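Student: To start, I am sharing the structure in question, which I have written as structure tokens.
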Amino acid sequence: MVDDEEPEGEAKAEATGDPQDQGQEKTEVDFKDVGQDEVREAARTRQNALDRPRWEKLQDLDQLEEAVKLVEKAVADRQTRQPALIRQLAFYFSDGNLRRDRFLREKIVSSDDGFVPISVILPFNRLKLMGCSTRAEVCAAVEAAEAKFNLELSEQRDGIRRRGNVPPPPLSFGGPGSDFEKRSVQLAGFPTGATPEPSLEEVTQLCEPFGVVAFVRLLREVGSGGSSGTKPFAGRVEVEFQTEEAAVAQRLREVYEAKFAFPSWSCERLGEGSLEVYAQSVTVYYPQGAQLAEVKRLVREREPVNIGMKRRYDQQKMQEYFGYATGAYGRLSSSERLGPNLAVYCRTPMRAPDGRERDVHVINVIGFAFDKTQQPDYQYFLNHDDEDGRRAELVKKMSQMWEYIYFCAHEKKLKCVRLSQVGGGAFSLLLGGNFDYQALRKESLEPVMARYPEIETKELQFIPDWVFTPEGERCCSSSLLVNAWDPWSFVGNGNAGDNSLDGYFGRCTAMAVLCWPDTNPCLQLEDRYRLVPP
């Protein structure tokens, strides 16, 4: 069992109080942007006293030089710890902390303007451990903080509040189904025992690639005596993200075997909110006669990785986190019936190995899989007595697959389709004879292309290289790139561990998180789904 860190404000309630009760405030000097000459002048005029009486009696140059060195070191130390101090202050005023910290919450609520005196915050243990003991340093940190930290300094420079005087959330300790629970994850595996426990700053930096971190706490052993802060660290931390989607992306990435996971930068962009405009572009195309409920299941209940029917992810965690272990395609398909084929369009940033980015239009089209005999597509089309009837049906379904592409290009006003061998390559391994892939492709594709004479068709070049060529720069904004997707997996499938076209798309885009309803709530809206006639 574990116990959590008690909120620091609450823990220090007896040690803090109104600044009027704690004596006259000490003289402080703000050393922000102080240079060498200013430091020497400060020493001469005794404004650098910092409450050290021996500095007031400087008599000769040696003592003056020693004092200057101490001041310079203090300034350097403050600059070094400033990022950590900003995060700690942001943590104190975050929703996550204020749901639990009665003391600090009451200070905010009882204030007319929401400002909490800095003198109330300075005695907090974590600030002491950092070496922060002056109002000037706290003021400098708040002034240097980016807008995302939501901190604001009073005009008198003696108080801090949440930016815009946003009221604190109600007291709440989470629970199943709560907003807090949805946005939080627990991370295990941290060293315990004699090894120093991780700092809040270290945990924050570890989780930042997955989104803006709102709250971190170390979980501690129960029943070991002592106050919460002195109990042994349990090797686990709880992290609350600012958005639910960022927390979900972190959980999802945990499920993958390491080298197959989608790129971490897509999680960072998701947590920052900079993928919102892309998320709104995502569109699902499905065939006439399909049940929308089944289509939605097939969009959501996808496997992180399925390469040749080998699942390179933790199925137990997938069940625990998301309520299913394997993809819906297997449950909705059999030798007598296939689940509906579908496609998902997405505008996404594509990132080159050197860090350059370019927006691209991609449609992820699911090819029919004939690489393994246990594939539902093989069982339905090839393991059947009515060969001619099933071949005709396959041509019809492939025609619908190509229709998604050109229908999408027409709808999005894109002039060129950059076409790939959807269903070719590894997926066509067991095709042949009357089911020759190239013959099936020609028979099903050409009538569709003829219906869209205004759309040019070109062969897709290597991804991502082509996108960053001069031709790619000229043509990307008007081209629809066609990804050959898998019937089972997330977009990108095995990503960097997958040398298929899908893997190359996955490793350089944000489509894994953009094309899944749990990380893109837009896909929970029915207007994101388009029925495409045959």
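The values are calculated or read from the model by the stated rules, or taken from the named source; none is laboratory data. Bear in mind the structure is a predicted one, so any value in this text is a computation, not a measurement. Note: ideal-geometry Cβ built from the backbone for every residue, glycine included; neighbour counts use all protein chains shown. Ligands, DNA and RNA are stripped out before the accessible areas are found, and what is left, the full protein with its side chains, is counted by its heavy atoms. Shrake-Rupley method; radii C 1.70, N 1.55, O 1.52, S 1.80 Å.
Student: Scan the stretch 245-259 and report the pairs whose first residue is in a helix (DSSP H, G or I) and at pLDDT below 90 and whose second residue is β-branched (V, I, T) and surrounded by fewer than 22 Cβ atoms within 10 Å (Cβ to Cβ), with Cβ atoms within less than 9 Å and a gap of 6+ or a chain change.
Tutor: As it stands, the answer is A246/V212; A247/V185; V248/V185; Q250/V185; R251/V185, since those pairs meet every condition given.
Student: Which pairs turn up if I take residues in the stretch 80-101 that are among the β-branched types (V, I, T) and look for partners that are in a helix (DSSP H, G or I) and open to solvent by less than 10 Å² (accessible area, probe 1.4 Å) with beta carbon separation below 6 Å, at least 6 apart in sequence or on another chain?
Tutor: Between residues of the stretch 80-101 that are among the β-branched types (V, I, T) and residues that are in a helix (DSSP H, G or I) and open to solvent by less than 10 Å² (accessible area, probe 1.4 Å), the close pairs are I86/A141.
Student: For the list (1) in contact with a Lys or Arg (Cβ under 7 Å, 6 or more places away or on another chain); (2) free of Cβ contacts under 8 Å to residues at least 60 places away in the same chain; (3) over 23 Å from E208 (Cα atoms), I need the number of the one condition that M130 fails.
Tutor: (3)
Student: Right, here's the next one. Within the stretch 121-137, is there a residue that is surrounded by 20 or more Cβ atoms within 10 Å (Cβ to Cβ), in a strand (DSSP E or B) and modelled with pLDDT of 80 or more?
Tutor: Taking every residue of the stretch 121-137 in turn, none turns out to be surrounded by 20 or more Cβ atoms within 10 Å (Cβ to Cβ), in a strand (DSSP E or B) and modelled with pLDDT of 80 or more.
Student: Name every residue in the stretch 260-276 that is without any contact (Cβ under 8 Å) to a residue 24 or more places away in the chain and open to solvent by 70 Å² or more (accessible area, probe 1.4 Å), in order of residue number. Can you show your working first?
Tutor: Pass one, the stretch 260-276, residues without any contact (Cβ under 8 Å) to a residue 24 or more places away in the chain: 274, 276.
Across the stretch 260-276, the qualifying residue is only E276.
Student: Being open to solvent by less than 20 Å² (accessible area, probe 1.4 Å), closer than 30 Å to Q205 by Cα and either assigned to a helix (DSSP H, G or I) or not hydroxyl-bearing (S, T, Y) (or both), is that true of even one residue in the stretch 279-300?
Tutor: Looking for residues that are open to solvent by less than 20 Å² (accessible area, probe 1.4 Å), closer than 30 Å to Q205 by Cα and either assigned to a helix (DSSP H, G or I) or not hydroxyl-bearing (S, T, Y) (or both), one finds at least one in the stretch 279-300, hence yes.
Student: Related question: If a residue must be open to solvent by 10 Å² or more (accessible area, probe 1.4 Å) and either under 23 Å from the mean Cα position of the chain (by Cα) or more than 12 Å from R162 (Cα to Cα) (or both), how many such residues does the stretch 94-110 contain?
Tutor: Number of matching residues: 9.
Student: Determine the pairs where a residue that is farther than 19 Å from G339 by Cβ, located within the stretch 298-326, has a partner that is of a type in the set (F, W, Y) and loosely packed, with under 14 Cβ neighbours inside 10 Å with Cβ atoms under 9 Å apart, the partner being 6 or more residues away or on another chain.
Tutor: none
Student: Among the residues of the stretch 464-471, is any at pLDDT 95 or above, surrounded by 19 or more Cβ atoms within 10 Å (Cβ to Cβ) and either among the hydroxyl-bearing types (S, T, Y) or over 31 Å from the mean Cα position of the chain (by Cα) (or both)? Give the steps one after another, and end with the answer.
Tutor: If we filter the stretch 464-471 for residues that are at pLDDT 95 or above, which is where we start, we get 464-471.
Still in the list and also surrounded by 19 or more Cβ atoms within 10 Å (Cβ to Cβ): 464, 467.
Going one step further and asking which of them are either among the hydroxyl-bearing types (S, T, Y) or over 31 Å from the mean Cα position of the chain (by Cα) (or both), we end up with none.
Looking through the stretch 464-471, none of the residues is at pLDDT 95 or above, surrounded by 19 or more Cβ atoms within 10 Å (Cβ to Cβ) and either among the hydroxyl-bearing types (S, T, Y) or over 31 Å from the mean Cα position of the chain (by Cα) (or both).
Student: Just one of the numbered conditions (1) at pLDDT 95 or above; (2) open to solvent by 10 Å² or more (accessible area, probe 1.4 Å) is not true of N306; which one?
Tutor: Evaluating N306 over (1) at pLDDT 95 or above; (2) open to solvent by 10 Å² or more (accessible area, probe 1.4 Å) leaves (2) as the failure.
Student: Is there a residue in the stretch 472-488 that is over 27 Å from D371 (Cα atoms), open to solvent by 10 Å² or more (accessible area, probe 1.4 Å), free of Cβ contacts under 8 Å to residues at least 12 places away in the same chain and assigned to a loop (DSSP other than H, G, I, E, B)?
Tutor: No: the stretch 472-488 contains no residue that is over 27 Å from D371 (Cα atoms), open to solvent by 10 Å² or more (accessible area, probe 1.4 Å), free of Cβ contacts under 8 Å to residues at least 12 places away in the same chain and assigned to a loop (DSSP other than H, G, I, E, B).
Student: Could you please tell me which pairs satisfy a Cβ distance under 6 Å, a separation of 6+ or placement on different chains, a first residue in the stretch 383-400 that is more than 17 Å from E336 (Cα to Cα), and a second residue that is open to solvent by 60 Å² or more (accessible area, probe 1.4 Å) and at pLDDT below 95?
Tutor: Q400/P534
Let's see how each residue does on (1) of a type in the set (F, W, Y); (2) outside any loop (DSSP other than H, G, I, E, B); (3) modelled with pLDDT of 95 or more; (4) in contact with a helix residue (DSSP H, G or I) (Cβ under 9 Å, 6 or more places away or on another chain):
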{"site": "Y324", "(1), (2), (3), (4)": "yes, no, yes, yes"}
{"site": "S335", "(1), (2), (3), (4)": "no, no, no, yes"}
{"site": "P340", "(1), (2), (3), (4)": "no, no, yes, yes"}
{"site": "M350", "(1), (2), (3), (4)": "no, yes, yes, yes"}
{"site": "D359", "(1), (2), (3), (4)": "no, yes, yes, yes"}
{"site": "A369", "(1), (2), (3), (4)": "no, no, yes, yes"}
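Student: Which condition number does G506 fail, the rest of (1) at negative phi; (2) crowded, with 24+ Cβ neighbours inside 10 Å; (3) small (G, A, S); (4) outside any helix (DSSP H, G or I) being met?
Tutor: In the conditions (1) at negative phi; (2) crowded, with 24+ Cβ neighbours inside 10 Å; (3) small (G, A, S); (4) outside any helix (DSSP H, G or I), G506 misses (4) alone.
Student: Another one. Mind telling me which of the residues A392, A369 ends up being over 37 Å from the mean Cα position of the chain (by Cα) and among the small types (G, A, S)?
Tutor: Numbers: A369 fails: over 37 Å from the mean Cα position of the chain (by Cα).
When all the criteria are applied, what remains is A392.
Student: Starting from residues that are among the small types (G, A, S) and more than 33 Å from the chain's Cα centre (by Cα), keep the ones in the stretch 334-366 and report whichever is farthest from R302 (Cα to Cα).
Tutor: Taking the candidates together, the pick is S335.
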